[in-house]
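Structure first, commentary second.
Nothing in this text is a laboratory measurement; each read-out follows from the coordinates by a stated rule. If you're wondering where the values come from, they're calculated on a predicted model, not measured in any experiment. Glycine gets a Cβ as well: all are built from the backbone with ideal geometry, and neighbour counts include every protein chain shown.
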Amino acid sequence: MEFPIINMEKLNGDERAATMAKIKDACENWGFFEILNHPIQVELLDTVERMTKEHYRKCMEQRFKELVKSKGLEEVDSEIKDMDWESTFFLRHLPESNINEIPDLEDEYRKVMKEFAGKLEKLAEELLDLLCENLGLEKGYLKKAFYGSKGLPTFGTKVSNYPPCPKPDLIKGLRAHTDAGGIILLFQDDKVSGLQLLKDGEWIDVPPMRHSIVINLGDQIEVITNGKYKSVEHRVVAQTDGTRMSIASFYNPGSDAVIYPAPQLLEKEATTEEKKSISYPKFVFQDYMKLYAGLKFEAKEPRFELIKTVDSNVKLGPIAIA
């Protein structure tokens with residue numbers, strides 16, 4: 001079982017069709033893939049990695065050690081089910097940035113992360129259009145589906161470090177979950193592993209590769225594609241040696257965006273008799289996020305059923321592409 005790795009350079013030549021087929025298979029059967037030779041310069045990635053690790057050592061490492069000590073986590077003798085072994089902060093980019101409000105960030109680091117976010121936003125939209133092409137949707141459909149009344153997605157970055165853990169069998173780096181949003185772009189440590197996804201009942205390692213970006217699909221993509229593409233359960237296993245860096249950027253719908261299965265895909269299913277066993281709901285994204293907040297580490301299917309009971313007074317209409 002080989003984890004899907006996509007060389008984006010091959011989208012520009014004779015191997016485009018084969019590469020698109022690999023992306024299609026990854027979306028349908030894995031919910032994850034890893035991209036190489038993407039448009040983000042390796043020099044920028046190296047700078048982001050260096051400054052993120054410096055910031056952790058300088059501003060966050062000692063705080064994390066104090067937290068561990070205060071909660072007695074080094075002495076636990078049974079599984080911890082309500083906490084993750086991670087040190088993290090969150091940057092919001094769209095619709096409004098909070099990057100200047102985050103304490104302890106040096107000005108140069110803020111500048112680099114702003115630049116990085118801009119590149120990731122463009123890459124996310126490029127990837128969404130590749131998904132559209134494979135699905136037979138008009139170019140721009142998924143991007144527009146994510147737009148709320150402000151004409152913008154919700155876009156933010158979770159910066160995490162997973163320090164060495166004395167009891168990784170009892171404390172997860174990050175407990176198993178699916179992501180609530182749209183498409184996630186992860187720049188992860190290439191030396192310290194830990195990210196795993198669940199496939200066919202087995203936990204599979206997501207290989208750490210230098211200068212790669214790991215892509216995974218969130219619950220909203222599953223709903224819009226009516227289950228053709230699925231969000232996949234994943235987790236981070238804490239390691240006994242080394243601190244793992246993880247910079248995950250979430251390109252999600254705007255808070256008031258209305259999410260529902262693409263009518264074109266429903267029509268295709270009706271003609272090909274590919275009716276899905278689960279009926280996906282329509283909802284306002286912020287309503288789903290409120291529900292997700294308390295159910296993140298539980299199965300997604302009950303969330304899809306529960307959101308059907310939320311009265312959002314939403315009206316369905318065609319998504320304008322122009």
DSSP-defined antiparallel bridges as percent of all bridges, the chain, nearest 5: 95 percent
GNM top mover of 19, 52, 309 - the chain, alpha-carbon springs below 10 Å: 309
Helical mean residue ellipticity (222 nm; -39500 (n - 2.57) per DSSP H run of 4+; nearest 500) of the chain: -10500 deg cm²/dmol
Residues 125, 66 arranged by fewest to most Cβ contacts within 10 Å: 66, 125
Those trypsin sites (Lys or Arg not before Pro) in the stretch 9-116 that DSSP places in a loop and that have at most 13 other beta carbons within 10 Å: 81
Phi to ³J(HN,Hα) by Karplus 6.51 cos²θ - 1.76 cosθ + 1.60 over the stretch 75-89, Hz, x for Gly, Pro: 9, 4, 10, 9, 5, 8, 10, 10, 7, 10, 8, 8, 10, 8, 9
Integer Hz, Karplus 6.51/-1.76/1.60 couplings in order for the stretch 118-134, x for Gly and Pro: x, 5, 5, 4, 5, 5, 4, 5, 5, 5, 4, 5, 5, 4, 4, 4, 5
Nonlocal amide H pairs with residue 7, under 5 Å, H built at 1.01 Å: 36
The stretch 5-307 - percent relative contact order, Cα under 8 Å, separation 6 or more: 21 percent
Rounded to whole Hz, the Karplus (6.51, -1.76, 1.60) HN-Hα couplings of the stretch 224-238, x for glycine and proline: 4, 8, 6, x, 5, 10, 10, 6, 10, 5, 8, 8, 10, 8, 5
Candidates 220, 62, 196, ranked by Gaussian network fluctuation over the chain, Cα under 10 Å, top entry: 62
Values of log10 I(q)/I(0), in the order q = 0.10, 0.15, 0.19 Å⁻¹, for the stretch 125-230 under a Debye, Cα-only, solvent-free model: -0.37, -0.79, -1.13
Percentage of interatomic Cα-Cα distances in the chain larger than 24 Å: 56 percent
Approximate shape of the stretch 1-144 as ellipsoid semi-axes (Cα gyration tensor, √5λ), whole Å, largest first: 36, 22, 15
Under 5 Å, built H, 5+ apart or other chain: amide partners of residue 213: 35
Kirkwood-type radius of the stretch 173-285, with distances r between different C-alpha atoms, in Å: 15.7 Å
Among 224, 247, 80, residue whose mean-square fluctuation peaks in a GNM of the chain (springs only between Cα atoms under 10 Å): 80
